[in-house]
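Step one of this worksheet: look at the structure below.
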Amino acid sequence: MTDQLSDQLGDQLSDQLSDQLGDGERQADAGSAARDDERPEPIHARFVDRVDASYPPVEEVMWPPVVIRAAEIKAQVERLASLPRPADGRRSAWIVHPLAEEPGLGLAPGIRVTLEVLLPGERTAPIRHNSSQVCFCIAGSGFAVVGGEKIAFDQYDVWHTPALTTYFHENDSSERQVRLTYSNAPLLEKIRVHFVDEHPPEEPAVRPEGSDEIDEHPVAHVFPLGERGAMLMSYERLINPEVVEQHPLHWPWREVKKELDQLSALGPSYRGRRLYLLYNPATGRTNGTSNNFFATITLRPPGIVDRPHRHASAAINYFFSGSGWSRVGGKRYEWSAGDLMLTAPGWMIHHHASNDQPVYELTIQDSPLHIAMDSLMWQEDLKRPYRLLGSQRGFATNRDSAL
Ligand SMILES: [Fe+2]
């Protein structure tokens, strides 16, 4: 986020807060002691007894897989397309797991999938929020304007909308435009800090120069405490961390497919997955497309059966060519092109297989979030121990000998 945008946001939040505050608080803020003695009614935390307590096995609290059939998605697209144009232009519906609860409805506990439709000639109203998105066009074409940058997209293109970046979508084609949008909003809603600005200020056309004050400050901002690696950090560094700018990025399917199809040369003995992560370098060591999700596009040649594995990250697949099946938690689910599926509720053993046609699929996982939290348990081979990816050495494939 630019400094100017940051200042605008700060002013706006301060105005909103000021509006939400009562007169008394405003007066107190202004130095008046008129209602300074007002105290809230006491509320009390409770103590939850954990003596001789145990935790339920993670397998017992996972949401079961769910398949959303192409026909269901098509019917919803028809319904959304038949509505009168909404004031904000957004013909959209959340695709919600039957076990999801407010706040934070999602298809996985931390992943919201929204089905979005635009008719020819329509445009959505600008919006921004502190959730970030991975966007995927499943039918038609058009463009997004994200932070002032135009992203012209076609079917199966993927792009990234960073947090607090104003965006809108437009359909400048003669066909219906359908998108799936993957968002981390459920997490932010659960922790009650999802900020949505439906009337964002215009993006600054030119980014102002950043401030490097922190580097010139004479204070030692980070220094060791003792000999074992613990450190202390100043407040000045705490409120001005290293900046990693987030830019909207675009992965056109036409380009991705060229690279992906070359992986078909990997023979049947290859033990890895024939996929590419749509990598956003701003996510660094967390290997993400957004800071919360990775998106991978997989090519699954006919007759491929993956080895069973599991990971703490949840996975949602959209199959857009071919057909096949998944075994998840010991149960078999069939799928075909156009189906969307919560294929891997975190830590449930699963694997996937293609039938007699090549399969293409987009997979979204909340793996970067887990790497940032140091919680990404991953078991690539069920006969071997799991590892904590990101802080322990990961796994290897036989790629060198397979190609
Ligand atoms: Fe998986």
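The values are calculated or read from the model by the stated rules, or taken from the named source; none is laboratory data. This is a predicted model, so every value here is computed, not measured. Don't worry about glycine lacking a Cβ; one is built from the backbone with ideal geometry, like all the others, and counts go over all protein chains shown.
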Of all residues in region 334-347 being more than 17 Å from the chain's Cα centre (by Cα) and assigned to a strand (DSSP E or B), which is farthest from the ligand (Cβ to nearest atom)? Ser336
Scan region 190-220 residue by residue and report those that are at pLDDT 90 or above and either in contact with a strand residue (DSSP E or B) (Cβ under 8 Å, 6 or more places away or on another chain) or part of a loop (DSSP other than H, G, I, E, B) (or both). Ile191, Arg192, Val193, His194, Phe195, Val196, Asp197, Glu198, His199, Pro200
So for region 284-294 (the condition being closer than 30 Å to Asn355 by Cβ, of a type in the set (Val, Ile, Thr), in contact with a Leu (Cβ under 8 Å, 6 or more places away or on another chain) and not assigned by TED's automatic domain parsing to the domain that holds Thr181), does at least one residue qualify? yes
Look at region 348-402 and say how many of its residues are hydroxyl-bearing (Ser, Thr, Tyr), loosely packed, with under 15 Cβ neighbours inside 10 Å and within 15 Å of the ligand (Cβ to nearest atom). 1
Strands (runs of 3 or more DSSP E) lying entirely in region 244-330 (those with 2 or more residues that are away from the ligand (no atom under 16 Å from the Cβ)): 315-321
Can you name every residue in region 354-403 that is acidic (Asp, Glu) and more than 29 Å from Phe136 (Cα to Cα)? Asp381, Asp400
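Matching residues to (1) part of a loop (DSSP other than H, G, I, E, B); (2) of a type in the set (Val, Ile, Thr); (3) touching a residue at least 40 places away in the same chain (Cβ under 8 Å):
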{"site": "Pro103", "(1), (2), (3)": "yes, no, yes"}
{"site": "Gly121", "(1), (2), (3)": "yes, no, yes"}
{"site": "Phe143", "(1), (2), (3)": "no, no, no"}
{"site": "Ala152", "(1), (2), (3)": "no, no, no"}
{"site": "His169", "(1), (2), (3)": "no, no, yes"}
{"site": "Asp172", "(1), (2), (3)": "yes, no, yes"}
{"site": "Val178", "(1), (2), (3)": "no, yes, yes"}
{"site": "Tyr182", "(1), (2), (3)": "no, no, yes"}
{"site": "Leu188", "(1), (2), (3)": "no, no, yes"}
With modelled with pLDDT under 95 and under 21 Å from Ser323 (Cα atoms) as the only criterion, which of Ala295, Ala265 stands out? Ala265
If Arg274 satisfies every condition in (1) closer than 21 Å to Asp366 by Cβ; (2) charged (D, E, K, R); (3) surrounded by 13 or more Cβ atoms within 10 Å (Cβ to Cβ) but one, which is the exception? (1)
Those residues of region 154-178 that are in contact with a strand residue (DSSP E or B) (Cβ under 9 Å, 6 or more places away or on another chain), surrounded by fewer than 21 Cβ atoms within 10 Å (Cβ to Cβ) and of a type outside the set (Lys, Arg) come to a total of 10
Evaluation of Glu122 against (1) within 18 Å of Ala93 (Cα to Cα); (2) charged (D, E, K, R); (3) in contact with a helix residue (DSSP H, G or I) (Cβ under 7 Å, 6 or more places away or on another chain) (one fails), failing number: (3)
